[in-house]
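The values are calculated or read from the model by the stated rules, or taken from the named source; none is laboratory data. All of these numbers come straight from a predicted model, not from anything done at the bench. Positions of Cβ are generated from backbone atoms using ideal geometry, with glycine treated the same way; all protein chains shown enter the neighbour counts. Note: accessible area is taken over every heavy atom of the protein model, side chains too, but ligands, DNA and RNA are not part of it. Shrake-Rupley method; radii C 1.70, N 1.55, O 1.52, S 1.80 Å.
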Amino acid sequence: QPVLIDVPQCVEGCCLEITPCPSVRFGTPRTHDQHTLVRIQGADVFVPHDLPRTQPLAIRLRTFLGLKFLFLDGWKLV
């Protein structure tokens with residue numbers, strides 16, 4: 001099943017701008033115009049066009065109370 005990285009959303013305040021880590025999930029995007037399909041280590045990943053490429057990122061699995069979640073490891077708030 002393909003993996004989808006959501007488009008990062010900027011949160012703007014009076015004197016700062018923060019981009020929280022986008023969510024990661026299984027599936028395909030509703031609209032394909034904001035994503036590029038990339039094959040990474042044998043997996044199909046839909047990557048947003050405007051995803052910052054300044055730091056190395058990895059998709060990891062986290063378990064919390066028996067539930068499993070995908071997340072981006074290496075995301076920095078600037």
Scanning the range 1-12 for residues that are under 21 Å from PHE71 (Cβ atoms) and assigned to a strand (DSSP E or B), which turns out most open to solvent (accessible area, probe 1.4 Å)? VAL11
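Find the residue count for the range 26-44, including only residues that are touching a residue at least 24 places away in the same chain (Cβ under 8 Å) and either in a loop (DSSP other than H, G, I, E, B) or open to solvent by less than 50 Å² (accessible area, probe 1.4 Å) (or both). Don't jump to the end; show me each part of the working.
Here is the first cut: in the range 26-44, the ones touching a residue at least 24 places away in the same chain (Cβ under 8 Å) are 26-29, 34-35, 37, 43-44.
Now restrict to residues that are either in a loop (DSSP other than H, G, I, E, B) or open to solvent by less than 50 Å² (accessible area, probe 1.4 Å) (or both): 27-29, 35, 43.
The number of residues fulfilling the criteria is 5.
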Being without any contact (Cβ under 8 Å) to a residue 12 or more places away in the chain and under 11 Å from ILE5 (Cβ atoms) is the filter here; which residues of the range 45-69 pass it? none
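Kindly indicate the residue of the range 13-25 that is under 13 Å from the mean Cα position of the chain (by Cα) and of a type in the set (Val, Ile, Thr) and also most open to solvent (accessible area, probe 1.4 Å) among those meeting that condition.
The initial filter retains those residues of the range 13-25 that are under 13 Å from the mean Cα position of the chain (by Cα), namely 19-25.
Keeping just the survivors that are of a type in the set (Val, Ile, Thr) gives 19, 24.
Working: THR19: 36, VAL24: 15 Å².
Within the range 13-25, the match that is most open to solvent (accessible area, probe 1.4 Å) is THR19.
Which count do you get for residues in the range 45-76 that are out of contact with any Asp or Glu (no Cβ under 6 Å at 6 or more places or on another chain) and open to solvent by less than 60 Å² (accessible area, probe 1.4 Å)? Before you say what the answer is, go through the steps one by one.
Going through the range 45-76, the residues out of contact with any Asp or Glu (no Cβ under 6 Å at 6 or more places or on another chain) turn out to be 45-57, 59, 61-76.
Subset that is open to solvent by less than 60 Å² (accessible area, probe 1.4 Å): 45-48, 51-52, 55, 57, 70-72, 74-75.
Adding up the residues that qualify gives 13.
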